Each structure stands twice: as structure tokens, then as C-alpha cells.
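Remarks on the structure that follows.
The values are calculated or read from the model by the stated rules, or taken from the named source; none is laboratory data. All figures in this text were calculated on a predicted structure; none of them were measured in a lab. Don't worry about glycine lacking a Cβ; one is built from the backbone with ideal geometry, like all the others, and counts go over all protein chains shown. Ligands, DNA and RNA are excluded from the accessible area calculation, which covers all protein heavy atoms including side chains. Shrake-Rupley method; radii C 1.70, N 1.55, O 1.52, S 1.80 Å.
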Amino acid sequence: MARTWLSVTVELLGGRGEELWPWPGRIFAVGPSHTFMDLANAINDAFARWDRSHLSVFTLADGRVIADEETGAEMAASVRGPIIAPIDIDVAKVVRTVEPGSEFQFTFDLGDGWTHRCVVGEAKVDPLEVLGIRPGVPLPYWGWGSIPDQYGRRWATDDGESRVPGKPTRPHPMLLHAWPAHAQTPDVDVSELRTAIGAGDAQRFLAAVTGHNIDDALQQVGAGIPMVLEHRRQEAEPVALSVINRLTWRGGAGDQVLAEDLLAGLRREPLPDRVLPVDLDMLSTVLEGAVDLSLGGYIDLRTGEVYDGISTDPMMVGEDAAIDVEEEPDRWLRVSLAGSRQAWQDMAAFAERQHDEAIRERLERAIEGKGAFSRFRDVVDGENLSDQWYAFSADRQTGRAREFLADNGIRVGTRGEDNESGQP
């Protein structure tokens with residue numbers, strides 16, 4: 001297409017008695033068929049004018065005025081200023097009236113006087129190059145600056161005298177990527193999910209996750225992806241990609257590790273490091289057991305089996321069942337307790353994500369001071385949040401267990417010489 005369109009830079013100088021600086025601006029592509037009324041509407045669109053019951057007037061450098069027929073007649077009959085030969089804003093074409101390099105003025109609302117400086121670019125443009133389309137009306141293709149409200153209102157009921165309303169203590173759910181509301185989408189049933197994984201039932205797994213909120217159970221959903229890829233790869237690939245993207249965005253403990261493992265499965269690549277079929281639930285129990293009740297534990301680096309600390313005590317489990325870590329020290333990986341800090345942080349994170357302000361405040365008060373865990377549990381049970389809390393906390397614990405293994409050079413999967421059938 002030939003370069004037959006004008007490039008018009010429009011900058012808002014001020015209005016309502018206020019001079020703006022820096023001047024906010026937009027650059028418009030204006031075609032041969034576009035009238036000055038088309039340009040006026042485009043400018044008012046771009047500068048967020050929502051009340052259009054006001055006049056739009058252009059003034060050219062030679063003093064000619066472009067306005068509607070009635071307004072032009074009134075201005076021509078004025079007893080002040082030069083004699084005006086008005087031009088009809090609905091008929092006059094921009095391209096035929098102004099030339100490259102020329103300057104003219106646009107005023108919206110003669111009372112508030114929103115004044116714009118319009119400058120025609122020296123070179124004409126091709127709309128397909130600057131916009132990618134050939135629009136039916138003038139259209140901006142570049143812009144800058146903050147656009148003021150045409151009446152200076154800062155909020156919906158601003159009367160010019162009232163104080164600015166207090167800012168909410170929490171960001172809007174849309175800013176937290178928590179909208180639409182969590183309740184609008186059913187949560188994944190973790191028990192059903194685990195049953196499907198345990199049975200190797202790919203169809204049941206896909207039914208469990210489709211149409212459900214899985215963001216609180218990504219680690220547990222991810223554990224079933226390799227099985228589904230093996231049995232129903234075409235249907236599973238989009239789910240796998242979604243889980244990988246969600247894990248990467250969430251970025252919690254163990255999320256990046258699982259995302260890398262799932263990506264390897266999609267690419268049919270072997271998992272890195274040593275691959276062992278570690279029971280992450282058992283490992284989580286050992287890692288995060290009560291300090292006064294648990295002795296930590298060990299992982300068998302040959303089999304992936306997890307043992308709690310009691311398993312080393314012949315007095316507790318018997319001579320035949322007790323493991324001797326000192327006999328083959330290189331065979332065992334010590335698992336030390338993580339302490340209660342991470343569990344407390346789980347409660348704090350769960351409380352913070354609640355959309356109901358009253359429930360959120362109750363949970364936040366519950367975790368303050370001694371007895372936080374029991375008080376928190378009472379509130380969770382009382383508000384029917386037990387299933388949500390179980391999925392949320394279990395997922396974070398699983399992620400921490402997965403990250404512990406990765407830090408020690410271990411990936412969760414089914415052992416095999418080629419490592420290609422690994423299951424996170």
C-alpha cells in the first residue's frame with residue numbers, strides 16, 4: 001500500500017485551568033477518507049472522554065475554525081477576533097485540509113477547554129506498517145503519559161471537597177491472580193487424584209483434574225503426569241504443559257525440580273541425577289515430624305525406601321528388622337528434622353490467601369503465640385476448610401521433600417537403566 005496516510009501527533013496541553021507537564025500524547029494514523037469529526041472522536045477515545053455531550057473544535061494555523069455547522073455559524077458572527085470562515089467538521093477531510101509538517105489545535109469542551117496541540121508528521125505512513133491493519137477510523141499507534149479525567153474526578157463520588165478514601169489494606173484479588181473467586185471453580189479431589197495415580201488409571205486422573213482448581217495440589221497432580229503421558233499421551237500433553245507453567249509461575253519449594261522432571265518426560269529425556277522410587281509422603285512425615293517425638297530418619301540409596309529413626313533401634317523394632325547404618329554408611333542418606341518454622345509458614349500463607357476477611361483475620365490471630373497449631377486447626381475445622389488446608393499443606397510438604405532429594409542429587413522416579421520411565 002502506498003504511503004497515503006498522515007501521521008498526526010496529538011499532545012494534551014491542559015484543561016480545566018490546569019497546565020499539564022509532561023504533555024501526554026498519542027500518535028494517530030489518519031486516512032484519506034477520514035473527516036475531522038472522525039479525528040475528534042478518535043482523540044476523545046484515546047484521551048478517555050466518557051461524557052461526549054460537549055463541542056469539539058479544530059483551529060487551523062491560518063485562523064480557520066472547523067466545527068459543527070451551528071457552532072461554526074455562531075463563531076463566524078462573533079464581534080471579536082478575525083472574520084471566521086467556518087468549515088464543517090462532519091464533511092472536511094483531514095488529508096485534504098492539512099499538510100505534512102503543519103500544526104493545528106483541537107479543543108474539546110469549550111467550557112473546560114481541554115486543549116491539544118496537533119502536529120502532522122513530515123512523512124506519510126502506511127497503516128499496515130504502523131498498525132498491521134487498515135482501520136475504518138483514525139487510530140493511535142503510539143502513546144505516552146497519564147491521562148487526566150475530563151472532570152478531574154479521582155474516584156467515582158469525588159465532589160472536589162471530600163478527602164481521598166482510604167486505600168484497601170489488601171490488593172484487589174485481580175492483582176493477586178486470585179480472580180475469578182476460588183469458590184467459583186471446584187477444587188481437585190486429592191483422594192480421588194491419589195486413587196487414580198495408584199491404580200494407574202489415566203482416564204480417571206484426567207477426569208479428576210479437568211475443570212477443577214489444581215493450583216493447591218500441583219505437586220500431587222505432577223506426580224501422576226508421567227503415568228498419563230505413558231497411557232494417553234495426546235490428551236496428557238496439554239495438561240502436562242499447563243502444570244509445568246503453573247509450577248514455574250508459583251515457584252514454591254520443589255516446584256522447579258518437578259517442572260524440570262515433567263519437561264524431561266515430555267521430551268522423552270532421562271531424568272538427571274540418581275533416580276529412586278522414594279515415597280514422598282513418608283519422606284515428608286520424617287522431615288517434618290514433631291521435634292519431641294521424631295528422631296528423623298534415613299533413605300536407602302539402593303532402594304529409595306524411607307525409614308524413620310526408630311528403625312535403627314533394635315529395642316524398638318527387633319534385631320531382625322533394625323537397620324544398621326554404620327555397617328554401610330554410604331548406603332544411607334540421613335534425614336534430619338526440618339523443625340516447625342516451615343509448618344508455621346504454611347499456616348500463615350494459608351491464612352493470607354483467604355478471600356473472606358473475617359476468616360483471614362481469625363486465622364491470623366490463631367497463629368500468634370503459643371498454641372498456634374491447635375488454635376489454627378480449630379478455626380480450620382470450624383470454617384469447613386479442612387479439605388482445602390489438607391491439599392494446601394500436603395502439597396507444600398511434598399514440594400519440600402522433593403527439593404530435599406534434589407539437593408542431595410536424587411530425583412523421584414521408577415528406577416531403570418535408561419531412566420526414561422521415571423515418575424516424579
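Conditions tested, residue by residue: (1) on the phi > 0 side of the Ramachandran plot; (2) of a type in the set (S, T, N, Q).
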{"residue": "Pro314", "(1), (2)": "no, no"}
{"residue": "Gly318", "(1), (2)": "yes, no"}
{"residue": "Leu337", "(1), (2)": "no, no"}
{"residue": "Gln345", "(1), (2)": "no, yes"}
{"residue": "Asp356", "(1), (2)": "no, no"}
{"residue": "Ala372", "(1), (2)": "no, no"}
{"residue": "Asp378", "(1), (2)": "no, no"}
{"residue": "Asn384", "(1), (2)": "yes, yes"}
{"residue": "Asp387", "(1), (2)": "no, no"}
* **Scope segment 72-86; condition under 25 Å from Val120 (Cβ atoms), at pLDDT 75 or above and outside any loop (DSSP other than H, G, I, E, B); matching residues** => Gly72
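Please tell me if Ala358 is within 17 Å of Ser393 (Cα to Cα), at pLDDT 90 or above and among the aliphatic types (A, V, I, L, M).
Judged against the criteria, Ala358 is not a match.
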* Looking at (1) at pLDDT 95 or above; (2) not in a helix (DSSP H, G or I), find the lone condition where Gln256 falls short. => (2)
* In segment 346-369, how many are over 28 Å from the mean Cα position of the chain (by Cα) and either crowded, with 16+ Cβ neighbours inside 10 Å or in a helix (DSSP H, G or I) (or both)? -> 3
* Asked: Given the conditions (1) part of a helix (DSSP H, G or I); (2) at pLDDT 90 or above, which single one is not true for Ala343?
  -> (2)
* Structure fact -> Within segment 13-71, residues being basic (Lys, Arg), within 30 Å of Asp126 (Cβ to Cβ) and touching a residue at least 24 places away in the same chain (Cβ under 8 Å) number 2
* Structure fact -> Every listed condition ((1) open to solvent by less than 20 Å² (accessible area, probe 1.4 Å); (2) modelled with pLDDT under 85) holds for Met174 save (1)
* Given (1) more than 43 Å from the chain's Cα centre (by Cα); (2) buried (at least 18 other Cβ atoms within 10 Å of the Cβ); (3) without any contact (Cβ under 8 Å) to a residue 60 or more places away in the chain, number of the condition Val98 does not satisfy -> (3)
* Asked: For the subset of segment 370-399 comprising residues that are under 19 Å from Ser340 (Cα atoms) and not in a helix (DSSP H, G or I), which member is most open to solvent (accessible area, probe 1.4 Å)?
  -> Lys370
* Asked: Within the bounds of segment 189-206, is there any residue that is crowded, with 17+ Cβ neighbours inside 10 Å, closer than 30 Å to Ala358 by Cβ and modelled with pLDDT under 95?
  -> yes
* **Residue count for segment 298-333, restricted to those that are part of a loop (DSSP other than H, G, I, E, B), open to solvent by 30 Å² or more (accessible area, probe 1.4 Å) and free of Cβ contacts under 8 Å to residues at least 24 places away in the same chain** => 8
* Exactly one condition in (1) in contact with a Leu (Cβ under 6 Å, 6 or more places away or on another chain); (2) modelled with pLDDT of 90 or more is not met by Glu305; state its number. => (1)
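For segment 218-247, which residues satisfy the criterion of being among the polar types (S, T, N, Q) and either under 13 Å from Asp261 (Cβ atoms) or crowded, with 21+ Cβ neighbours inside 10 Å (or both)?
Gln219, Gln220
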* **Members of segment 116-147 that are closer than 11 Å to Val10 by Cβ and crowded, with 17+ Cβ neighbours inside 10 Å** => His116, Cys118, Val119, Val120, Pro138, Pro140
